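Trainee: Okay, handing you the structure first.
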Amino acid sequence: MIDPFPHQVDEQLWDEACRRAEAIRDFLKHRTSSAITGDVAGLAARLSLSQATTYRLIKLFNAGGSVMSLVDRKPGRPEGHRALDEEREEIIRTTIASFYLKRNRPSISRLVREVQMNCILAGRKPPHRRTIEARLEDIDLQKRAKRRGEKKIVKATTATPGAFSASRPLAVVQVDHTKADIFVVDEETRLPIGRPWLTLATDVCSRMVTSRWKRPPGYRPASAC
């Protein structure tokens with residue numbers, strides 16, 4: 001499984017990883033010999049973890065030396081993992097295409113029964129209803145609605161051409177507030193402080209980023225010198 005980039009990590013998990021990194025870095029800095037059980041027990045208590053987990057984190061940090069090595073990974077299957085074998089996946093796909101995506105609009109319950117019956121006839125264990133519904137959600141909503149003749153859904157999911165404009169500069173200014181994909185670190189400790197926010201105000205008429213600069217006291221333009 002590929003590890004995420006720092007900006008893809010949940011902020012709460014990242015903050016906890018930073019706290020662990022600071023504690024382990026301090027522990028390693030003051031340790032003069034190999035770690036003993038009593039030392040690790042104190043660190044484990046500080047981190048509210050078991051000694052086994054604390055030993056593992058120390059090993060990870062020593063090997064990687066980065067905050068990312070201490071980020072908790074989500075338990076369970078990797079994202080996007082499919083538990084079914086390919087034969088049952090194919091039965092679900094073909095049944096959805098031939099039975100469900102039709103103008104007569106069969107219900108999901110009928111689709112579930114059809115898929116489960118096809119699996120039984122093929123000598124395979126029928127999948128759970130939630131599994132079949134998950135495969136339906138993988139299909140583009142507009143594509144699904146077109147195949148089933150659901151005009152209201154097709155209309156609701158179709159983009160309407162148009163443009164928002166202004167007749168003169170600064171008549172309308174749009175503000176965008178987003179978190180930048182960089183991390184700011186302390187200049188002395190090099191510990192991460194967090195991700196900065198970037199706020200832009202854009203003039204709709206000229207599509208230029210606006211700015212307001214306040215002249216500081218005692219300022220004189222260069223031409224006046």
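Trainee: Of the residues LEU70, LEU101, which is modelled with pLDDT under 85 and open to solvent by less than 40 Å² (accessible area, probe 1.4 Å)?
Mentor: Answer to the check: LEU70.
Trainee: Give segment 104-130 a look and list any residue that's charged (D, E, K, R), surrounded by fewer than 15 Cβ atoms within 10 Å (Cβ to Cβ) and more than 19 Å from ARG148 (Cα to Cα), or say none.
Mentor: LYS125, ARG130
Here is a yes/no grid of residues against (1) under 30 Å from ALA97 (Cβ atoms); (2) touching a residue at least 12 places away in the same chain (Cβ under 8 Å); (3) in contact with a Ser or Thr (Cβ under 9 Å, 6 or more places away or on another chain):
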| position | (1), (2), (3) |
| --- | --- |
| VAL115 | yes, yes, yes |
| LEU121 | yes, no, no |
| ARG124 | yes, yes, no |
| HIS128 | yes, no, no |
| ALA134 | yes, no, no |
| ARG148 | yes, yes, no |
| ILE153 | yes, yes, no |
| PHE164 | no, yes, no |
| ASP176 | no, yes, yes |
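Trainee: Does ILE193 meet the test of being of a type outside the set (Asp, Glu) and farther than 30 Å from ALA21 by Cβ?
Mentor: It is false that ILE193 is of a type outside the set (Asp, Glu) and farther than 30 Å from ALA21 by Cβ.
The values are calculated or read from the model by the stated rules, or taken from the named source; none is laboratory data. Model, not experiment: these values are computed from the prediction. So basically every Cβ, Gly included, is an ideal-geometry build from the backbone, and we count neighbours across all protein chains shown. Quick note on the areas: whole protein, heavy atoms, side chains included, nothing else; ligands and nucleic acids left out. Shrake-Rupley method; radii C 1.70, N 1.55, O 1.52, S 1.80 Å.
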